[in-house]
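The values are calculated or read from the model by the stated rules, or taken from the named source; none is laboratory data. Predicted model, so just to flag it, every value in this text is computed and none were measured. We place every Cβ from the backbone using ideal geometry, glycine too, and count neighbours over all the protein chains shown.
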DNA sequence: ATAAATTTTTAGGCAAATCTAAAAATGAAT
DNA sequence: ATTCATTTTTAGATTTGCCTAAAAATTTAT
């Protein structure tokens, strides 16, 4: 199926808003995410329904149909592969790559996608630690443990970030924390749950909020 | 200046049709190249003129203004860099890359373009041997000597192809001829100017037409 | 030089994706 | 349960890029 750029972006938006539980998605939520108006969204939902990509009942909400979800995941795969390319091969910072990948993800050539994946060593996770679905749309498993759940004395590995906003990415980059770094939990402040951490030999203090947005694994 | 995809494609089309002599370009020629109708082209030319990208007088023809040419060359730079990436890094055949590069060339990020160029080792020529303009829009020089101009006994290097159509590229690839290969002219058939060549140890026969589409250098 | 053929433009429309404003449906609150 | 607020849809326009058909300009041929 040959989708327009707009159609692809709507599928992606619905995919992300509906989340892993595949909830019904409101017209307004889509409008807000795509920075457009509800009326515009309604038009597009009718169009996507006619194409069989979503199930949509007026006033009820929308969710992706199977075809629609497959397509959305395909775009996500391309997005995350390109982000990996930009960081690994072209030395971009992880906070810079999203915008460029938003363009690259729409390039149509499955051969290109698969060769790119291969060139990158078929990575399972992108530079933010987000899972890259394989060609069949299957996501690799990731522990969804965040740093705020760790305990004093734990030795941890940084696996990713939950919040991929430019602000947070910049903050984390400024601290010098990168994927794969090891961290030791030295203490937790009982007043505000902020954490005292040992990272690359030096000591760091992170707010509970920051910790809740860093994925880690034990060991 | 933020151009639409259509606008970029018109600039490119005018650039190629006008050739190195920067000739006036007919409405019909643009229509044919872009597989569209003359009326549509007229509309777009008026739009491009209003933006200052072309000089255009009704019934006379169109040519690129300085800004328009700069933009066209910028797109060409991106196109040829991406082609180089696809062939050098992703092992695509030179006949496959044009279509994909047509999409990639529209990705907007000068930082991406320059990092890509750097990643590729700032190549001067693309996989077809076509010159890649630098950031400032300056083209590297290429000898414009073609194989049909060579003489018996000449030792030559393959520098590129003049005709980049899929058909011709496939033909040349099938013969096993690649950029940088060396060729010795063993003879020219006086009847039809076809050439007998030694290439990689074996003997080849090429029509005059094929020879006229292969760029070479002496030595 | 005039007629015929060709090229180009103008005029009027269409589809996609967007918008604003108004109407209708739904959900919340008394 | 009825009113009020919110959400969503409908109705009517706009812009971009394209189309066909007809008119106008240019070029070619007699």
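Summary of computed values
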item	result
Number of positions in the range B:13-28 that are more than 7 Å from DNA strand C (Cβ to nearest atom), touching a residue at least 24 places away in the same chain (Cβ under 8 Å) and assigned to a loop (DSSP other than H, G, I, E, B)	3
Of the criteria (1) assigned to a helix (DSSP H, G or I); (2) within 11 Å of chain B (Cβ to nearest Cβ); (3) touching a residue at least 60 places away in the same chain (Cβ under 8 Å), which one residue A:106 fails	(1)
Number of positions in the range A:29-39 that are free of Cβ contacts under 8 Å to residues at least 12 places away in the same chain, more than 8 Å from DNA strand D (Cβ to nearest atom) and either within 14 Å of another protein chain (Cβ to nearest Cβ) or assigned to a helix (DSSP H, G or I) (or both)	1
Answer residue from the range A:15-28, given it is within 12 Å of DNA strand D (Cβ to nearest atom) and crowded, with 17+ Cβ neighbours inside 10 Å and is nearest to the other protein chains (Cβ to nearest Cβ) among those	A:17
Count of residues meeting criterion [crowded, with 18+ Cβ neighbours inside 10 Å and more than 12 Å from DNA strand C (Cβ to nearest atom)] in the range B:29-47	0
Of all residues making up the range B:147-167, the number that are closer than 21 Å to residue B:196 by Cβ and crowded, with 18+ Cβ neighbours inside 10 Å	7
Exclusive hit being touching a residue at least 60 places away in the same chain (Cβ under 8 Å), more than 10 Å from every other protein chain (Cβ to nearest Cβ) and assigned to a loop (DSSP other than H, G, I, E, B), set B:129, B:153	B:129
Selected residue [out of contact with any strand residue (DSSP E or B) (no Cβ under 7 Å at 6 or more places or on another chain) and either away from every other protein chain (no Cβ under 14 Å) or not in a helix (DSSP H, G or I) (or both)] from B:174, B:111	B:174
Members of the range B:41-55 found to be touching a helix residue (DSSP H, G or I) at 6+ places or on another chain (Cβ under 6 Å), within 13 Å of DNA strand D (Cβ to nearest atom) and not in a helix (DSSP H, G or I), listed by number	B:53
Any hit, the range A:56-64, residues being surrounded by 17 or more Cβ atoms within 10 Å (Cβ to Cβ) and assigned to a helix (DSSP H, G or I)	no
Residue within the range A:1-13 that is within 16 Å of DNA strand D (Cβ to nearest atom) and within 14 Å of the chain's Cα centre (by Cα) present	yes
Meets criteria (in contact (Cβ under 8 Å) with a residue 12 or more places away in the chain and not assigned by TED's automatic domain parsing to the domain that holds residue B:165) for residue B:116	yes
Single unsatisfied condition, residue B:94 versus (1) over 18 Å from residue B:4 (Cα atoms); (2) away from chain A (no Cβ under 11 Å); (3) part of a helix (DSSP H, G or I)	(3)
Qualifying residue in the range B:174-187 (condition: more than 22 Å from residue B:94 (Cα to Cα) and buried (at least 17 other Cβ atoms within 10 Å of the Cβ))	yes
Boolean, residue B:68 is more than 16 Å from DNA strand D (Cβ to nearest atom), more than 14 Å from chain A (Cβ to nearest Cβ) and either more than 20 Å from residue B:124 (Cα to Cα) or without any contact (Cβ under 8 Å) to a residue 40 or more places away in the chain (or both)	no
Filter pass, residue A:119 being modelled with pLDDT of 95 or more and within 19 Å of residue A:200 (Cα to Cα)	no
